[in-house]
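Q: For reference, the structure I am asking about is given below.
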Amino acid sequence: MEQQPEPSAQAPKIEDPAPTEVVENAPVAEQPAQTSTKQVHSLVIDANAIIRNDPTVSTLLSQAEELYTIPAVVSEIRDEATRSRYQTTLAPFIKLRTPKPESMAFVTGFARRTGDLQVLSKPDLQLLALTYELEVERNGGDWRLRKDPTQKTVNGKPPAKQEETKTEEQDAAPETVTEADAPLTETTPEGVAQELEKVDLNQTSVKAEVEQAEAEEDDDEEGWITPSNIKKYQAKEKGGAGKQQTQRFLQAALITADMAMRNVALRINLNLLDTSLTKITFLKTWVLRCHGCWKVCKDTTKQFCPSCGQATLTRVSCSTDASGNFTLHLKKNFQFNNRGNVYSIPKPTHGSSNTKRIVGGGKNGWGNELILAEDQKEYVRKTDEERRTKYKDLMDEDYLPSILTGSRGPGNGRIKVGAGRNINAKKKR
């Protein structure tokens with residue numbers, strides 16, 4: 001028998017595929033444009049958001065394309081745990097940038113005119129200037145911002161819309177129709193009857209019923225709590241007035257918890273976000289208002305009016321809306337407290353050469369060493385004493401609590417100004 005040839009161990013040859021024809025200028029399928037799901041392009045972060053880790057790093061990266069801050073904010077992080085967390089999680093994604101002198105000059109002048117400059121630090125002004133600078137860069141100008149706190153509207157319209165309005169005004173020519181060119185229509189009783197026959201009364205009634213049913217369904221949906229509107233109801237319960245979810249894409253925004261920074265940002269019309277990434281459109285806070293010269297002081301730690309120098313500051317609530325309007329909410333028929341002003345202050349007493357103690361200043365010496373102005377030596381001495389005794393080492397062997405030493409200061413930690421409320425009160429028999 002003839003032996004069959006053994007199969008070769010070599011791999012079978014694969015034929016080359018047919019050469020493909022290369023077509024020049026072939027139409028390429030257009031890929032759909034990738035729409036970004038993030039809310040903000042450039043987000044400026046303050047130190048309080050980094051220290052508190054609210055919002056978290058994952059939330060910031062998912063909602064913002066670029067993160068910015070200033071070098072002074074990094075130097076404010078002194079806790080070792082917070083600094084290590086910042087270096088490992090946020091530092092690789094955040095950009096450090098210092099604003100230009102022109103932006104600093106604008107923000108400083110604006111804050112001076114609003115009265116917030118005295119309570120804003122240099123890092124606060126730099127953060128506001130950086131947000132202003134990014135806003136101008138991303139939007140191609142300051143057309144959506146305000147240059148002055150008293151300005152009612154923004155600076156102008158977007159550049160694209162201005163060009164469109166100019167071209168429309170140039171291209172659109174007024175068309176005049178003369179009476180001779182207008183078509184003549186005759187209304188005869190037969191034509192009116194034919195038009196009435198064309199109208200289907202059943203169809204119009206069905207449309208009215210459908211519209212009424214849809215309106216009822218909408219009312220029912222607003223009344224019930226569903227997974228789609230549960231966040232809106234939760235925001236109402238928490239008192240989320242003045243906050244709205246960022247629905248459109250923001251070019252630049254700022255996250256901060258400082259009320260003075262928020263006030264300046266809203267009045268410039270910068271985009272301001274809360275820690276929950278909701279856009280803030282309304283602010284309510286407290287200021288001091290002098291009832292002697294009617295000036296407003298933003299520094300709530302002051303005890304004397306910076307304008308007239310008297311101890312006539314009262315605490316007043318104020319608000320700032322999205323239009324930049326600053327409003328003071330005064331009580332109706334407010335009456336100032338005149339307790340302690342019935343009797344005049346006793347005359348000061350002099351010393352004696354024979355070291356004899358002379359007690360003066362009224363009953364129990366209540367008129368001695370009264371503080372009535374900020375430039376008094378008694379007030380300066382008190383502030384220096386408080387500054388020295390502010391830091392107390394609890395582990396010191398010589399430390400004693402105030403209840404044992406007898407040094408009992410005022411309950412609110414402020415220096416006593418004037419004679420007090422109860423100095424002229426009626427005594428009980």
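The values are calculated or read from the model by the stated rules, or taken from the named source; none is laboratory data. Fair warning: this is a prediction, and the values are worked out from it, not measured in the lab. Cβ sites come from the backbone with ideal geometry, for glycine too, and all protein chains shown count toward neighbours. Note: accessible area is taken over every heavy atom of the protein model, side chains too, but ligands, DNA and RNA are not part of it. Shrake-Rupley method; radii C 1.70, N 1.55, O 1.52, S 1.80 Å.
Q: Please give the number of the condition Leu145 fails out of (1) within 27 Å of Arg52 (Cα to Cα); (2) surrounded by 14 or more Cβ atoms within 10 Å (Cβ to Cβ); (3) not acidic (Asp, Glu).
A: (1)
Q: So which residues in the range 306-323 are open to solvent by less than 60 Å² (accessible area, probe 1.4 Å) and free of Cβ contacts under 8 Å to residues at least 40 places away in the same chain?
A: Within the range 306-323, the subset open to solvent by less than 60 Å² (accessible area, probe 1.4 Å) is 308-309, 311-314, 316-323.
Within the range 306-323, Cys308, Thr312, Leu313, Thr314, Val316, Ser317, Cys318, Ser319 meet the criteria.
Q: If you don't mind, there's one more thing I want to ask. Kindly list the number of the only condition in (1) touching an Asp or Glu at 6+ places or on another chain (Cβ under 8 Å); (2) assigned to a loop (DSSP other than H, G, I, E, B); (3) assigned by the TED database to the domain that holds Leu328; (4) among the hydrophobic types (A, V, I, L, M, F, W, C) that fails for Ala311.
A: Just one mismatch for Ala311, condition (1).
Q: Hey, another quick one. Does the range 249-268 hold any residues that are open to solvent by 10 Å² or more (accessible area, probe 1.4 Å), in a loop (DSSP other than H, G, I, E, B) and either hydroxyl-bearing (Ser, Thr, Tyr) or under 18 Å from Gly140 (Cα atoms) (or both), and which are they?
A: Residue satisfying the conditions is Phe249 alone.
Q: Would you tally the residues in the range 269-292 being at pLDDT below 90, in a loop (DSSP other than H, G, I, E, B) and open to solvent by less than 50 Å² (accessible area, probe 1.4 Å)?
A: Residues flagged as at pLDDT below 90, in a loop (DSSP other than H, G, I, E, B) and open to solvent by less than 50 Å² (accessible area, probe 1.4 Å) within the range 269-292 amount to 4.
Q: Can you name every residue in the range 269-287 that is within 30 Å of Thr383 (Cβ to Cβ) and in contact with a Ser or Thr (Cβ under 6 Å, 6 or more places away or on another chain)?
A: Taking the range 269-287 and keeping what is within 30 Å of Thr383 (Cβ to Cβ), we get 285-287.
Selection gives Trp286 alone.
Q: Looking at (1) open to solvent by less than 40 Å² (accessible area, probe 1.4 Å); (2) of a type in the set (Val, Ile, Thr); (3) not in a helix (DSSP H, G or I), which is the only condition Thr98 fails?
A: Going through the list (1) open to solvent by less than 40 Å² (accessible area, probe 1.4 Å); (2) of a type in the set (Val, Ile, Thr); (3) not in a helix (DSSP H, G or I), Thr98 breaks only (1).
Q: Answer yes or no as to whether Ser103 is among the polar types (S, T, N, Q), open to solvent by less than 60 Å² (accessible area, probe 1.4 Å) and under 30 Å from Cys318 (Cβ atoms). Step through it out loud before you land on a result.
A: On the way: among the polar types (S, T, N, Q): yes; open to solvent by less than 60 Å² (accessible area, probe 1.4 Å): yes; under 30 Å from Cys318 (Cβ atoms): yes.
When the stated conditions are applied, Ser103 passes them.
Q: Can I ask one more? Inspect the range 49-65 for any residue being touching a Lys or Arg at 6+ places or on another chain (Cβ under 8 Å), surrounded by 12 or more Cβ atoms within 10 Å (Cβ to Cβ) and among the aliphatic types (A, V, I, L, M) and give the result as yes or no.
A: Of the residues in the range 49-65, the ones touching a Lys or Arg at 6+ places or on another chain (Cβ under 8 Å) are 53, 62-65.
So of that shortlist, the ones also surrounded by 12 or more Cβ atoms within 10 Å (Cβ to Cβ) come out as 53, 62-65.
Restricting the remaining residues to those that are among the aliphatic types (A, V, I, L, M) gives 64.
Yes, because at least one residue in the range 49-65 is touching a Lys or Arg at 6+ places or on another chain (Cβ under 8 Å), surrounded by 12 or more Cβ atoms within 10 Å (Cβ to Cβ) and among the aliphatic types (A, V, I, L, M).
Q: Determine whether Asn354 is modelled with pLDDT under 65 and either open to solvent by 80 Å² or more (accessible area, probe 1.4 Å) or under 17 Å from Lys302 (Cα atoms) (or both). Spell out the reasoning first.
A: On the way: modelled with pLDDT under 65: yes; either open to solvent by 80 Å² or more (accessible area, probe 1.4 Å) or under 17 Å from Lys302 (Cα atoms) (or both): yes.
Yes: the conditions hold for Asn354.
Q: List every residue pair whose Cβ atoms lie under 7 Å apart, where the two residues are 6 or more positions apart in sequence or sit on different chains, the first residue falls within the range 147-161 and is under 15 Å from Val107 (Cβ atoms) and modelled with pLDDT under 85, and the second residue, located anywhere, is basic (Lys, Arg) and open to solvent by 90 Å² or more (accessible area, probe 1.4 Å).
A: Qualifying pairs under 7 Å: none.
Q: Follow-up question, since we're still on this one. Taking Leu120, is it among the aliphatic types (A, V, I, L, M), buried (at least 21 other Cβ atoms within 10 Å of the Cβ) and touching a strand residue (DSSP E or B) at 6+ places or on another chain (Cβ under 8 Å)? Let's see the steps before the verdict.
A: Values: among the aliphatic types (A, V, I, L, M): yes; buried (at least 21 other Cβ atoms within 10 Å of the Cβ): yes; touching a strand residue (DSSP E or B) at 6+ places or on another chain (Cβ under 8 Å): no.
It is false that Leu120 is among the aliphatic types (A, V, I, L, M), buried (at least 21 other Cβ atoms within 10 Å of the Cβ) and touching a strand residue (DSSP E or B) at 6+ places or on another chain (Cβ under 8 Å).
Q: While we're looking at this one, here's another question. For Gly115, indicate whether it is farther than 15 Å from His41 by Cβ, in the same structural domain as Val73 (by the TED database), at pLDDT below 90 and over 19 Å from the mean Cα position of the chain (by Cα). Even if it seems obvious, please write down each step before you answer.
A: Values: farther than 15 Å from His41 by Cβ: yes; in the same structural domain as Val73 (by the TED database): yes; at pLDDT below 90: yes; over 19 Å from the mean Cα position of the chain (by Cα): no.
Taking the combined requirement at face value, the residue does not satisfy it.
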